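**Student:** Take this structure first; my questions come after.
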Amino acid sequence: MQRYEKLFINGEWVAPHGSGFTSVVNPATEEVFAEVANADLDDVNAAFAAARAAFPAWSATRAAERADWITKLHAALDKRRDALALAISQSMGCPLEIAKIIQVNCVSAFKKFAERAFEMEVEKQVNNSLVVREPVGVCAFITPWNYPLYQLIGKVAPALATGCTMVLKPSSVTPLQDLIFAEAVAEIGLPKGVFNLVTGRGGVLGDAMVTHPEADMVSFTGSTATGRRIQRLAADSVKRVCLELGGKSAFIITEDAPLEQAVSFGVKDVMINSGQTCIALSRMLVPASRYEEAAAIAKQVAEGLKVGDPMAADTYVGPMSSMGQRDTVLGYIQKGLDEGAKLLTGGLDYPEGISRGAYVRPTIFRDVHNKMTIAQEEIFGPVICMIPYHTLDEAISIANDSVYGLSGGVWAATREEGIRIARQLRTGGVYVNGGDFNYDAPLGGYKQSGNGREWGDFGMHEFYEIKSMQL
Ligand code: NAD
């Protein structure tokens, strides 16, 4: 059993004021394998006091100095890649070999923020005004469990680059990679108070962080329900709020697309990380004329994916992140059946050969109508809704008929046609003809998928204020 008894506040590992521990459960075995300390409100106050005290000196550093710290921190993280992958895999079920790539490769993207720090020194003369950038201040960060390191880096890296200080709270399901990150911070001796970490229950600590008088900005990634609440809570003190929330992304496959390639891409895109990807293309829109052909391909691809032990090298689909998440997903599968959608593959039973753990069978519903609950709500599991369409205009209108606007996909005969369709989707991102994920591109949502952007150059914008001096 791994036991983390301390919090990382003001550059030191400190015993919490709070009492008790939160158990970290391996969803493959349902066994507790780690415990982390529960912070309380005194700990949150101490963390914000440290971040506030550190802000004047840290925000006054030159970009070159901050770039140097980021480079050192990157090196300290880089040598912890295996520990990070294992911690994530054990706590939320992503197969280890896949976690090394999709969960941990973001460490490489971290170092790019060293270059981006110099953006802060770009000044602009506008007539008689000098326009400069200044860090927004002390940041409160709250992250979820699905890509816990990626979400940490997406917030912490630009905050360091811009000269902000911060208090971070990970999801209680996946606190371990944040503790490993804090070990790296401690090892390089980052100035004290710049980075502070509290662990414990979101319901207990979240409100205090979001309403904290010392927090100038809140950046939250998680469900739309919690995001809505956070925005309301932060409104009283008019904090800047950056929200990265849920999605229900549509993937339009056109009549003349290479069907085998497109459907296979779409199925694997959803099933990776057991469907717990905010940008997963969970609604597959297929021309009615090619529906049967597409269904046959989708079934074959899904049934060919190896489900099972996250430690096995050939596993593609591990368990859900928790038994609670499994219940939620099974509830949606039942709802789909109740609403008249037909199972092409998968369903409510455990995958073959598995009788415990948070596993759900890769599931594809056919004959789904976009008004069904399973097509409107984010399931956050290995579940695809195949929806037929008759014209491209109808497909675009189905894709946009969602309260969410995080991501989308198109596979068309040519890249130009793909881009033409992509421009008509009201989403923060679109994957065209199987385009790769890009850590240097901005990520964020339209509509109820949030506001603000993370990653890349655009991800810096959330973390600075603009000052104009009239001369
Ligand atoms: P969640 O909203 O339940 O929890 C997210 C975080 O909020 C956790 O750290 C949790 O402890 C904390 N929290 C819980 N109650 C809180 C409260 N009252 N006040 C403040 N914080 C509180 O979300 P989750 O289930 O951990 O994550 C899955 C969700 O995250 C999905 O909806 C997914 O789409 C979304 N997500 C979005 C993006 C994106 O970039 N848009 C990325 C990943 C995940």
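What follows draws every value from the coordinates through simple rules; no lab data is involved. Source: prediction; values computed, not measured. No Cβ is skipped: glycine too gets one built from the backbone with ideal geometry, and neighbour counts run over all protein chains shown.
**Student:** Taking the dipole about the Cα centre of the chain, with the C-beta of Lys and Arg at +1 and of Asp and Glu at -1, give me whichever of S249, P287, A234 is farthest to the positive side.
**Tutor:** Of the candidates, A234 comes out farthest on the positive side.
**Student:** Okay, next question. Determine the gain in length on full extension of the stretch M1-I188; use 0.36 nm per residue of separation and subtract their C-alpha separation, reporting nm with one decimal.
**Tutor:** 64.6 nm
**Student:** Once amide H atoms are placed 1.01 Å from N in the peptide plane, what residues at a sequence separation of 5 or more from Y389, or on another chain, have their amide H within under 5 Å of its amide H?
**Tutor:** V286, A288
**Student:** Are there any trypsin sites (Lys or Arg not before Pro) in segment 68-153 that are in a DSSP loop and have at most 14 other Cβ atoms within 10 Å? List them by number.
**Tutor:** Counting only loop positions with at most 14 other Cβ atoms within 10 Å, the trypsin sites (Lys or Arg not before Pro) in segment 68-153 are K79.
**Student:** Suppose each label sits 7 Å from its Cα in the direction of the beta carbon; what would the S108-Y439 distance come out to in nanometres?
**Tutor:** Spacing of the two 7 Å Cα→Cβ label points: 0.7 nm.
**Student:** 7 Å from Cα along Cα→Cβ at both D68 and A288: what's the point-to-point distance in nm?
**Tutor:** 6.7 nm
**Student:** Under a 5 Å amide H to amide H cut-off, with H placed in plane at 1.01 Å, what residues pair with R240 once short-range neighbours are removed?
**Tutor:** Close amide H contacts, sequence-distant or interchain: V218.
**Student:** Compute the FRET efficiency between I354 and E394 as 1/(1 + (r/R0)^6), taking r as their Cβ-Cβ distance and R0 = 51 Å, and round to the nearest 0.05.
**Tutor:** With a Förster radius of 51 Å, E is 0.80.
**Student:** With each run of n ≥ 4 DSSP H residues scored as -39500 (n - 2.57), what mean residue ellipticity at 222 nm is computed for the chain after dividing by its residue count and rounding to the nearest 500 deg cm²/dmol?
**Tutor:** Taking each H run of at least 4 residues, the total per residue is -11000 deg cm²/dmol.
**Student:** What fraction of the DSSP beta bridges in the chain is antiparallel, stated in percent and rounded to the nearest 5?
**Tutor:** In the chain, approximately 40 percent of DSSP beta bridges are antiparallel ones.
**Student:** Length gain on complete extension for the stretch D314 to S223, per 0.36 nm per residue less the alpha carbon to alpha carbon distance?
**Tutor:** Contour length minus Cα-Cα distance gives 29.7 nm.
**Student:** Related question: I need the phi-derived Karplus couplings for segment 192-207: 6.51 cos²θ - 1.76 cosθ + 1.60, θ = phi - 60°, integer Hz, Gly and Pro marked x.
**Tutor:** 5, x, 5, 10, 10, 10, 10, 10, x, 7, x, x, 8, 8, x, 4
**Student:** Can you run phi through the Karplus equation (6.51, -1.76, 1.60; θ = phi - 60°) for segment 16-25 and list ³J(HN,Hα) in whole Hz, with x for Gly and Pro?
**Tutor:** Per-residue couplings from phi come out as x, 6, x, 10, x, 10, 9, 7, 10, 10 Hz.
**Student:** Using the structure shown, select from K100/K268; K6/K192; K72/K169; K112/K155; K342/K371; K248/K268 the pairs with a Cα to Cα distance greater than 19 angstrom.
**Tutor:** In this structure, K72/K169 lie more than 19 Å apart at Cα.
**Student:** May I pose another question? Which residues does the label zone of L130 cover in segment 453-471, counting backbone N under 19 Å from a point 7 Å along Cα→Cβ?
**Tutor:** Label zone hits: 465-471.
**Student:** At 7 Å along Cα-to-Cβ for each site, give me the label-to-label distance between L41 and S23 in nm.
**Tutor:** Placing both labels 7 Å along Cα→Cβ, they lie 2.8 nm apart.
**Student:** While we're looking at this one, here's another question. L168: net charge of surrounding residues, Cβ under 10 Å, Lys/Arg +1, Asp/Glu -1, itself excluded?
**Tutor:** Around L168, the charge tally is +1.
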